[in-house]
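We did not get these values from a lab; they are worked out from the coordinates using the rules stated. Everything numeric here is computed off the predicted structure, so don't read it as measured data.
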């Protein structure tokens, strides 16, 4: 086999053995190639581990689909407020919602970055279980603590006791809770920062 250097044919054996400089160049190329391949392998393993640790949002995508397909579609809150209910004037904004109430939040960080201590929200009390869908943010009472908690519905189902909702904070890795419709005291329909 021959290679070309400056338009001259040189036998490969003579090129490799032709001097310490050429040998050093070949060694450097081989070392860089090894580091490049190792880097690609480490990156792939790291990406696979991180994706496997991501909470499943109800999507059954393979690891490769998650890596190369872009953002994963996630459940979003229901569109409770229609455009005709929002009236914008020069000096005020009017949101026409029946039986709405105001909510403020403590600094638990469970819903960061969507809801934090400085945020305010408008909530309504849902009348029927059908008024709450996966993706909605609900305020609820819990057997695990006093007060009202606010988390996102990540699953909705029905069992022998009726409708249930699995809720989880957006900023909480694995902690979920199963609540009933009667536990829900409000559904967030607007967040004001």
Over all directions, region 139-193 yields a Cα convex hull whose mean projected area in nm² is 4.5
In whole µm²/s, the translational diffusion coefficient that Stokes-Einstein assigns to region 83-192, given a Kirkwood hydrodynamic radius over C-alpha pairs, 25 °C and 0.890 mPa s, equals 165
